[in-house]
Amino acid sequence: MWERLRYLLLLLLWLHGTDSFYVPGVAPINFHWNDPVEIKAVKLTSSRTQLPYEYYSLPFCQPTEITYKAENLGEVLRGDRIVNTPFQVFMNVEKKCEVLCNFPNKAVTLTVDQSKLMAERIREDYYVHLIADNLPVATRLEFYSNREEEDKKKEKDVQFEHGYRLGFLDGNKFYLHNHLSFILYYHREDVEENQEPTYRVVRFEVIPQSIKLEDLKADDKGMCTLPEATGSAPQEIDPTKENQLLFTYSVHWEESDIKWASRWDTYLTMSDVQIHWFSIINSVVVVFFLSGILSMIIIRTLRKDIANYNKEDDIEDTMEESGWKLVHGDVFRPPQYPMILSSLLGSGIQLFCMILIVIFVAMLGMLSPSSRGALMTTACFLFMFMGVFGGFFAGRLYRTLKGHRWKKGAFCTATLYPGVVFGICFVLNCFIWGKHSSGAVPFPTMVALLCMWFGISLPLVYLGYYFGFRKQPYDNPVRTNQIPRQIPEQRWYMNKFVGILMAGILPFGAMFIELFFIFSAIWENQFYYLFGFLFLVFIILVVSCSQISIVMVYFQLCAEDYRWWWRTFLVSGGSAFYVLIYAVFYFVNKLDIVEFIPSLLYFGYTALMVLSFWLLTGTIGFYAAYMFVRKIYAAVKID
């Protein structure tokens with residue numbers, strides 16, 4: 001009893017997304033008083049351009065020696081370029097105002113080209129991302145909650161945005177945030193008596209300010225004086241001439257009750273959890289209600305059909321009627337292009353296994369955001385290793401469809417979908433290279449990905465295909481006639497495009513709310529970590545795709561159209577069409593992208609997402625329909 005309650009509690013913690021059950025991926029760092037706390041820069045990002053840049057692509061103050069962190073595959077693909085900065089921050093040591101660069105007696109001079117670049121980045125609404133003890137910097141946004149008027153002054157809800165704005169526009173003038181007020185929160189750890197207390201960093205905030213050079217009043221020792229809020233003028237950047245300014249910062253420490261294991265909760269709970277619960281409840285009610293009704297109709301109809309078909313004294317009358325039994329001699333006739341179909345389904349199995357494992361492991365807290373790039377790295381390696389399963393299912397299906405050239409089929413499975421993905425990414429990467437963005441995949445990383453593709457995925461696909469092709473093919477319950485049966489003229493609503501529109505509504509309705517948060521995480525640089533909800537949505541998606549696929553193939557066979565192989569695969573992936581429509585809606589209404597290359601990047605990567613989603617849902621629906629067809633034809637007596 002208590003064991004079950006404990007597991008239930010852990011499940012609720014996973015679903016909630018806030019983590020007492022938190023696996024950080026890195027060991028905590030204990031600091032003593034006056035120990036250095038290194039501030040590192042990650043990158044510059046903008047939701048308007050979708051092009052990340054390195055921190056030192058802008059003329060910020062640089063340390064004596066620039067050192068880049070060794071990055072994993074996921075960090076490189078995300079455009080992270082983690083580098084050290086000249087900020088001098090020490091544990092629990094306050095700093096009122098200090099000049100950043102090594103120019104204590106003179107200002108930094110930006111050339112005309114540097115001023116133009118800085119103004120351009122401000123216009124494009126770029127954010128600067130820093131980290132301290134692997135915690136990302138956040139800017140606090142305070143707003144009053146909807147309470148009674150007398151309570152508004154006492155309590156506030158706090159929200160954060162990741163990073164801080166590089167600057168702001170006021171009319172046609174550009175202003176740079178050249179002073180950063182760091183606020184670091186620490187948690188005092190329990191130690192034994194007569195031991196020096198230890199501290200852990202649990203939150204990293206910043207208040208960016210724009211302060212004119214003359215108002216900072218820097219001295220020869222590198223110290224400065226902050227003006228009063230009402231008496232300071234912002235630091236303007238004129239892109240037509242040289243600009244002089246000072247980069248300054250201050251440090252303030254505050255003690256916090258937040259423990260180290262819960263320090264990411266602030267970042268991971270920025271989205272409203274109640275919306276996710278509403279999404280899940282809505283999806284469960286709608287999907288299972290509609291799927292239950294459809295299932296009841298089909299089961300009742302099928303029982304009646306099978307009972308009628310199995311009446312030995314009424315065979316002639318039954319054969320004169322229309323129905324799915326009449327196409328029993330053609331329903332398992334191999335379709336056109338069986339090699340391509342089996343290859344696409346093999347890639348779909350590969351995607352399904354990869355996504356299922358990634359979401360499940362992430363739900364357990366193993367792919368924490370503190371392990372930067374771990375999610376994408378895991379996904380890439382899992383897709384390569386899942387090639388053995390994709391090859392096995394593709395090989396067995398290819399043999400079932402009377403295929404003989406297994407080596408060519410294995411090569412097609414290993415290269416068709418990955419080749420399309422690599423080709424599109426390579427073309428987009430060329431445009432990113434042209435913009436000198438850190439989001440461009442370096443040439444050595446691209447070579448490494450190719451080596452993974454041809455050195456890991458390709459052999460595993462061949463291995464799985466070999467064993468799948470050698471295994472006994474799927475046992476079809478009825479024989480196939482030599483002469484194909486003529487297909488009667490179909491009604492308009494049996495058109496495959498109408499079927500795609502009809503079949504895609506239910507699965508898309510089960511996941512469109514969660515899709516909004518996923519798009520926000522991808523295109524607006526937000527954290528997404530509510531994988532418990534995502535796992536439930538994925539299960540609901542599998543159920544809804546399977547149910548709707550069975551319904552559509554049943555209606556098709558009742559119309560005496562036995563060409564269900566390709567049609568089921570295409571129709572089951574119909575929700576991908578709605579994902580594409582939603583992506584266009586999101587682009588128009590949520591993003592402020594107007595330039596060509598950012599638009600190209602958005603729709604290029606969105607096309608890959610839609611293609612992958614179509615393969616995933618199409619594969620789920622195909623295998624559900626295949627099992628259904630084999631089941632119903634095995635239940636009737638065929639002479």
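In the stretch 432-453, the qualifying residues are those that are assigned to a loop (DSSP other than H, G, I, E, B) and within 11 Å of LEU77 (Cα to Cα), and the one that is farthest from the chain's Cα centre (by Cα) is PRO442.
Exactly one residue out of PHE469, PHE531, PHE538 is crowded, with 16+ Cβ neighbours inside 10 Å and assigned by TED's automatic domain parsing to the domain that holds PHE393: that is PHE469. Might you let me know whether the stretch 506-516 holds any residue that is closer than 25 Å to TRP614 by Cβ, assigned to a helix (DSSP H, G or I) and among the acidic types (Asp, Glu)? Yes, there is a match, as at least one residue in the stretch 506-516 is closer than 25 Å to TRP614 by Cβ, assigned to a helix (DSSP H, G or I) and among the acidic types (Asp, Glu). Does TYR144 satisfy the condition of being of a type in the set (Phe, Trp, Tyr), modelled with pLDDT of 85 or more and over 28 Å from PRO369 (Cβ atoms)? Answer is no for this residue.
Scanning the stretch 96-134 for residues that are more than 20 Å from GLN235 (Cα to Cα) and at pLDDT 90 or above yields HIS129, LEU130, ILE131, ALA132. Do we find that VAL629 is at pLDDT 90 or above and not in a loop (DSSP other than H, G, I, E, B) in this structure? No.
Mind checking whether some residue in the stretch 408-417 is in contact with a Cys (Cβ under 6 Å, 6 or more places away or on another chain), closer than 14 Å to TRP453 by Cα and not charged (D, E, K, R)? Taking every residue of the stretch 408-417 in turn, none turns out to be in contact with a Cys (Cβ under 6 Å, 6 or more places away or on another chain), closer than 14 Å to TRP453 by Cα and not charged (D, E, K, R). SER210 falls short on exactly one of the conditions (1) crowded, with 18+ Cβ neighbours inside 10 Å; (2) out of contact with any His (no Cβ under 6 Å at 6 or more places or on another chain); (3) closer than 14 Å to LEU246 by Cα; (4) not β-branched (Val, Ile, Thr), and that condition is (2).
Table: residues versus (1) of a type in the set (Val, Ile, Thr); (2) touching a Gly at 6+ places or on another chain (Cβ under 9 Å).
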{"residue": "ALA503", "(1), (2)": "no, yes"}
{"residue": "GLU524", "(1), (2)": "no, no"}
{"residue": "TYR529", "(1), (2)": "no, yes"}
{"residue": "LEU534", "(1), (2)": "no, no"}
{"residue": "LEU541", "(1), (2)": "no, no"}
{"residue": "GLU560", "(1), (2)": "no, yes"}
{"residue": "TRP566", "(1), (2)": "no, no"}
{"residue": "VAL571", "(1), (2)": "yes, yes"}
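Residues in the stretch 546-571 that are closer than 18 Å to LEU401 by Cβ, in contact (Cβ under 8 Å) with a residue 60 or more places away in the chain and under 32 Å from the mean Cα position of the chain (by Cα): VAL553, TRP565, TRP566, ARG567, PHE569, LEU570. Right, VAL427: part of a helix (DSSP H, G or I) and closer than 27 Å to VAL388 by Cα or not? No; evaluated as a whole, the condition is false for this residue.
The values are calculated or read from the model by the stated rules, or taken from the named source; none is laboratory data. The model shown is predicted, which means the values in this text are computed figures rather than measured ones. Please note: Cβ atoms are built from the backbone with ideal geometry, for glycine as well, and neighbour counts cover all protein chains shown.
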